[in-house]
Amino acid sequence: MSKQTKLGAFFKPK
Amino acid sequence: MFEARLTQGALLKRLLDSVKELVTDANFDCSETGISLQAMDNSHVALVSLSLRAEGFNPYRCDRGFSLGVNLNSLNKIMKCAGNEDVITLKADDSSADSLCLLFENSSNERVSEYELKLMDIDQEHLSIPETDYDATVMMPSAEFQRICRDLMVVSESVTIDVSKDEIKFTAEGELGTGNVKLKPTSTIDKPEESITIELGQTVSLQFSLKYLSNFTRGTPLSDQVMLCLSDNMPLLVEYKMDIGYIRYYLAPKVGD
């Protein structure tokens, strides 16, 4: 079963 | 004072329609260069980034940068009161913006309606989206992408996208079985909107949620073509380009299997 990642792992807050 | 008049009011209706399912509240950041919006969905899996250039409005006036905190649901309800042919003008007092005025004028200017939308204080952090030199950039008819997402959703809630030099392949595997759609690059000179192009740095294979991708395809009416940008272990970029600007969707990948 594949797991959904979150954008926070790729895009950092400004 | 902030004023932005868009003769093609239908564009604004479609734009809002293409984000309303994904985002509930958002800040429209207004500056002298134009209007932009960046917001994530509640689960922080998808992000929408909208940019409308000042040149696309006439007139456009924004004396100083400020944000309009909007509940998109409420804005959409008011936008439903605008006719598809109406000219839409957005106005706000940029010093104490507690409401956004929307003016809808029909083409013969006989019917003018005015609505005031109460604004909200939305404390939303902006994410910095790194400039990415993508492994693969695919351009294809937006209706085709919409159909692929809709068709493969009958098989599974996930899709694997494989891009190689001369093919983009969408594969879904589920309880009922499997399905895949393969597209080859075409360059129809007479109908550029139907062409499919693949710019490949290196082959890439990523898995995404079809629920989100289908949601992104609400942007289909905005542009004949859609651009998909993929890089290993990076969010997918789905972009619908318009004369006045663009709407970009980012989707975090699914990993493991």
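The one condition from (1) under 21 Å from the mean Cα position of the chain (by Cα); (2) modelled with pLDDT of 95 or more that B:Ser205 does not meet is (1).
Residues that are in a strand (DSSP E or B) and either in contact with an Asp or Glu (Cβ under 7 Å, 6 or more places away or on another chain) or more than 26 Å from B:Arg111 (Cα to Cα) (or both) within region B:71-89 comprise B:Asn71, B:Val87, B:Thr89, listed in sequence order.
Every condition in (1) without any contact (Cβ under 8 Å) to a residue 40 or more places away in the chain; (2) within 21 Å of the chain's Cα centre (by Cα) is met by B:Val155 except one, and the failing one is (2).
Quickly run through region B:125-169 and pick out the residues that are β-branched (Val, Ile, Thr) and surrounded by 14 or more Cβ atoms within 10 Å (Cβ to Cβ).
Here is the first cut: in region B:125-169, the residues β-branched (Val, Ile, Thr) are B:129, B:132, B:137-138, B:148, B:154-155, B:159-161, B:163, B:168.
Listed by number, the residues that qualify are B:Ile129, B:Thr137, B:Val138, B:Ile148, B:Val155, B:Val159, B:Thr160, B:Ile161, B:Val163, B:Ile168.
The number of residues in region B:170-196 that are more than 14 Å from every other protein chain (Cβ to nearest Cβ) and surrounded by 15 or more Cβ atoms within 10 Å (Cβ to Cβ) comes to 9.
If only residues of region B:74-113 that are without any contact (Cβ under 8 Å) to a residue 40 or more places away in the chain and small (Gly, Ala, Ser) are counted, the one that is farthest from B:Thr24 (Cα to Cα) is B:Ser108. Selection of first residues in region B:221-250 that are farther than 20 Å from B:Val163 by Cβ and of second residues that are modelled with pLDDT of 95 or more and aromatic (Phe, Trp, Tyr), restricted to Cβ pairs under 7 Å at least 6 apart or on distinct chains, gives the following pairs, ordered by first then second residue: B:Leu222/B:Tyr240; B:Ser223/B:Tyr240; B:Tyr246/B:Tyr240; B:Ile247/B:Tyr240.
The values are calculated or read from the model by the stated rules, or taken from the named source; none is laboratory data. Not measured: the values here are computed from a predicted model. Using ideal geometry, Cβ is built from the backbone for each residue, glycine included, and neighbour counts are taken over all protein chains shown.
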